[in-house]
Amino acid sequence: MAKRGSSRLFLGLVLAAIGAALLLARMHVVSQGPAVLLAIGGALALYGVFARTFGPLVPGCILLGLGSGMLLGDRGVEGFGVVRWQLLGLGGGFILLFLLALVLGLGLRWWPLVVGGVLAGVAVLPQIKGLFDPQVVVAFRTYWPVLLIAAGLYLVVRDITR
């Protein structure tokens, strides 16, 4: 395994990733914007994996999510807009962050899973709402803050009883 904080490892990953991104953009496989985001995100994420540290994983997974969302948005599917692809990709990046931290033993960090779930949910919610009765959709849109109140009260009660 690589030595923690190895600057040669980081520089090597960044150079290889940027070179791959530029080559893919020159070959017109991927647009330059998503390619650069994917390359830098991949380099940071790989560095975080090799060094077994959470710090570079965060920006790496965020950039991977943004880049994949842009790439999917460029190749979009009818009825699923570019912005929704970007939200879905970004949500996937946060979920990847949660999974990598879990697999690497960097501690159980729930916040990336929550953020990723919310972003992915916002991206696919317009597709899902067509499956439900319109009255249920209106009721949920009206009363969803009750879920926030319940979660807040749960945290307060849990903190007080400890």
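The values are calculated or read from the model by the stated rules, or taken from the named source; none is laboratory data. All values reported here derive from a predicted model rather than from experimental measurement. Cβ: placed from backbone, ideal geometry, glycine included. Neighbour counts: every protein chain shown.
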Output the number of the condition that residue 86 fails; it satisfies all remaining conditions of (1) surrounded by fewer than 21 Cβ atoms within 10 Å (Cβ to Cβ); (2) under 11 Å from the mean Cα position of the chain (by Cα).
(1)
Given the criteria outside the structural domain of residue 30 (by TED's automatic domain parsing) and either over 26 Å from residue 13 (Cα atoms) or aromatic (Phe, Trp, Tyr) (or both), does residue 144 qualify?
yes
Helices (runs of 4 or more DSSP H) wholly inside segment 39-147 that include at least 1 residues being touching a Pro at 6+ places or on another chain (Cβ under 7 Å) and of a type outside the set (Gly, Ala, Ser)
57-74, 82-103
When only residues in segment 1-57 that are surrounded by 15 or more Cβ atoms within 10 Å (Cβ to Cβ) and β-branched (Val, Ile, Thr) count, which is modelled with the lowest pLDDT?
30
Would you please list the contacts, defined by Cβ atoms under 6 Å and residues six or more apart or on different chains, that run from a residue in segment 92-119 that is within 25 Å of residue 72 (Cβ to Cβ) and of a type in the set (Val, Ile, Thr) to a residue that is surrounded by 15 or more Cβ atoms within 10 Å (Cβ to Cβ) and at pLDDT 90 or above?
95/116; 115/94
For segment 74-103, give me each residue that is out of contact with any Gly (no Cβ under 9 Å at 6 or more places or on another chain) and of a type in the set (Lys, Arg).
75
